[in-house]
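Please read the structure below before turning to the comments.
The values are calculated or read from the model by the stated rules, or taken from the named source; none is laboratory data. Here the structure is a predicted model, which means the values were calculated and not measured. Using ideal geometry, Cβ is built from the backbone for each residue, glycine included, and neighbour counts are taken over all protein chains shown. Accessible surface areas use protein heavy atoms only, side chains included; no ligands, DNA or RNA. Shrake-Rupley method; radii C 1.70, N 1.55, O 1.52, S 1.80 Å.
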Amino acid sequence: GQQLNQSPQSMFIQEGEDVSMNCTSSSIFNTWLWYKQDPGEGPVLLIALYKAGELTSNGRLTAQFGITRKDSFLNISASIPSDVGIYFCAGQRRSQGGSEKLVFGKGTKLTVNP
Amino acid sequence: DTGVSQDPRHKITKRGQNVTFRCDPISEHNRLYWYRQTLGQGPEFLTYFQNEAQLEKSRLLSDRFSAERPKGSFSTLEIQRTEQGDSAMYLCATVGGWGTNEKLFFGSGTQLSVL
């Protein structure tokens, strides 16, 4: 199935460093979302973006909806050990059936060294 | 805890057996999705319900897969004659809010291993 291009695939950083990851698509989305997933658990929503150009923060997390509606980025500032996990971007568009199914990237695996 | 409950959390089965998973959504959410996630990949859409109506199915959902949502509450996903390629995490998600308040909440998933 279709997936978004998410990069980088993995990151190894020191505690306190800032992190940036992004997602691109060849097609337009109406909504961009960022999720975090811990091993053996479902994805947990971090930030939702609904308008092109929108910049939204959630604590140390900041995400932006690209003005072309084909990309988004997520920044994490001053990383801490509990930021470890896999981060997924997801694009959402309305389909003919009326569903608003999400298309996911392959994830960015973040490791934070204390 | 998002409020979306899935059961069982883990299922190990032999090839050829049938398995059924259950999802209990957040009570006021009328839209429900099933996704499948394999190792190293993001979740992939399987099917969508609005209340009890199954409105969309992915090409990933072969004829061995069937999903139901009787009475528009809980949902079940059944896989018949399981194959090793069915091994994956099966995720249920429900939608709350509308428009710019719309958010998709996932359950913890059912991890299926087909031996």
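Key figures
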read-out	value
Peptide B:45-51, shielding by other chains (average Cβ, 10 Å cutoff)	3
Using θ = phi - 60° and Karplus 6.51 cos²θ - 1.76 cosθ + 1.60, couplings along segment B:78-84 (whole Hz; Gly, Pro as x)	10, 10, 9, 6, 4, 10, 4
Cut-off under 5 Å, modelled amide H: who pairs with B:Gln17 long-range	B:Thr82
Enclosed volume per residue, in Å³, of the convex hull spanned by Cα atoms of segment B:22-86	93
For peptides A:68-79, A:31-42, sequence by mean Cβ density within 10 Å, most packed first	A:31-42, A:68-79
Spherically averaged projected area in nm², based on the convex hull that wraps the Cα atoms of the protein assembly as shown	12.1
Heavy-atom accessible surface of segment A:1-108: percent carbon and sulfur, 1.4 Å	51
Solvent-accessible area buried by B and A, counting both chains, probe 1.4 angstrom, square angstrom	2000
Shielding score for B:36-42, defined as the mean number of other chain Cβ atoms within 10 Å	5
Environment charge at B:Gln17 (Cβ cut-off 13 Å; Lys +1, Arg +1, Asp -1, Glu -1)	+2
